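Right, one structure below, let's go through it.
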Amino acid sequence: LSSRRASESIGTMAAAAGAEAGGLGLGETVRELREAYEGGRTRSLAWRQAQLRGLLRLLKEKEVEAFQALHKDLGKHHAEAYRDEVWVPLIAWPATAQVVPEPLGVILIFSCWNVPLGLSLEPLIGAIAAGNAVALKPSELSPCTAKFLDDNIGRYMDPSAVKVVQGGPEVGEGLMEHRWDKVLFTGSPRIARSVMAAASRHLTPVALELGGKCPCIFDAMANARDLQVSVNRIIAGKWSSCAGQACIAIDYVLVEERFGPILRELILVLLSLKIKVLKSTLKRFFQEADHMARIVNERHFERLSNLLKDKSVAPSILHGGSMDAKNLYIEPTILLNPPLDSAIMTEEIFGPLLPVITVKKIEDSIAFVKDMPKPLAIYAFTRDSKLRRRIVDETSSGSVTFNDAVVQVNYLQPPLDRSSNKFIIAMALPMVDLDSSQYAIDGLPFGGVGQSGFGQYHGKYSFEMFSHKKAVMKRGYLIELTLRYPPWDESKVTLMRYLYRFNYFAFVLSFLGLKR
């Protein structure tokens, strides 16, 4: 008892000292950690190996002090501490083990308004394939699609286990009052915070798909064909994805400063310019207003309009900018170097406005992207293998796509285009392997990192997200190592130490009494 009271007294003093050293001290700790990571120190293989070797040296050189601390804190005998605190291989040998996926239970899916069918069905497929019951809450901002799902899901699926719940924010809030086994939310960070706060009351795990400002790094093209193909794909990745109202749509483009004037002339279609690709392609793709999706509602139309009406932004408009409030239509608009502190460059645009930002060297785009919150996707058009490697190694995002945009996510992959049920069967039976070439894109996970979200789904990753990987171990009764049980003595510690060091020969000799 006296030892325990002494331990409590030491703990109280330590807590008081920690509180006194808090505040600015904690901020300094966090700052140093952030600097160490952002500086790239933790990424190299040599650094990781050195830290793990240091940890091994700690366990070896400070073993006595560690066991003394455990004894003071918990009264543990050093043999028990060695068994529990230090991994000892073969302590439970022989045994068999496997990982068994099991359904999480009852799932709540909040889908979005901009891809209201695809981003309702894809996570639904994964949740059902994993064996869960599902409530699907479509967005009230796409009411016709929500009604379509409500009218038909129950006709084709088990209505007692798969339900569609329609309604506005108050319905969503009401759903979050209940306990769920997992929630998937697709939408804005503002609402995501409310979803997480409500889920925390029941300790419900949450997956968030949010978005962010997805950059496009546009390097110099070697020939006219590469330029045309790149422009086609950039335009498609921006304006043909629900008029830019998509979480993975290109938000802004980064080009070298020396190409800025060329781009300006390109957009203004000066006759003396050799290449008039961007504007001509825009005109060819969107000959009619109804070839591009409209803005979802008046509130979002006004938000986008205000981005362009900003007095500091308006002079940077090079192409487009016309608006039709009655039809909720905004012309594809290109801006050159709007102020970096303006709303159009600090908020996710989520609309048909495309800022083009110039950097002195294309390599500087990496630092530019790193200074922004982590995006859901990074796109880069380049043939430079070194630049590609740096983008992968030095930036963080949900995904990276080279020389194309948006294609890494195929929203309507199941089973609309498939001639067989192989895909659905494979999702329901995750041990089945799919042909890697046929399903190359389907095999990529989709999800964000940091402020662009967390949790990954798409194909087999949807099954995994809505499953619990249950560890199952089975032992027999033939062999029993009594060294794991008290009463404790030094001989048992010696045997465990041999196992820890993989010195099985010395273990056998000592176990048989042939070595002291």
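Per the listing S230, S240, the residue uniquely polar (S, T, N, Q), open to solvent by less than 40 Å² (accessible area, probe 1.4 Å) and either in a strand (DSSP E or B) or not assigned by the TED database to the domain that holds I107 (or both) is S230. Set side by side, the residues S385, S342, S322 differ, and just one is in the same structural domain as D219 (by the TED database), small (G, A, S) and within 23 Å of G450 (Cβ to Cβ), which is S342.
Please tell me if L74 is open to solvent by 10 Å² or more (accessible area, probe 1.4 Å) and either acidic (D, E) or more than 29 Å from E480 (Cα to Cα) (or both). Taking the combined requirement at face value, the residue does not satisfy it. Across the range 374-391, the number of residues qualifying as surrounded by 17 or more Cβ atoms within 10 Å (Cβ to Cβ) and either touching a Ser or Thr at 6+ places or on another chain (Cβ under 7 Å) or not polar (S, T, N, Q) (or both) comes to 11. Listed conditions (1) closer than 29 Å to T382 by Cα; (2) open to solvent by 50 Å² or more (accessible area, probe 1.4 Å); (3) modelled with pLDDT of 90 or more; (4) of a type in the set (A, V, I, L, M, F, W, C) are all met by M323, apart from (1). Restricted to the range 462-503, and to residues that are free of Cβ contacts under 8 Å to residues at least 40 places away in the same chain and of a type in the set (S, T, Y), which residue is most open to solvent (accessible area, probe 1.4 Å)? Across the range 462-503, the extreme among qualifying residues is Y477. Taking strands (runs of 3 or more DSSP E) as the structural unit, those lying wholly within the range 89-161 and holding at least 2 residues that are open to solvent by 60 Å² or more (accessible area, probe 1.4 Å) and aliphatic (A, V, I, L, M) correspond to 95-103. I'm trying to understand the selection: among the residues of the range 57-82, which are touching a residue at least 60 places away in the same chain (Cβ under 8 Å) and either basic (K, R) or within 16 Å of V493 (Cα to Cα) (or both)? Within the range 57-82, K72, H77, H78, A79, E80, Y82 qualify.
The values are calculated or read from the model by the stated rules, or taken from the named source; none is laboratory data. Since the model is a prediction, treat every value here as computed from it, not as a measurement. Neighbour counts run over all protein chains shown; Cβ positions are idealised from the backbone, glycine included. Note: accessible area is taken over every heavy atom of the protein model, side chains too, but ligands, DNA and RNA are not part of it. Shrake-Rupley method; radii C 1.70, N 1.55, O 1.52, S 1.80 Å.
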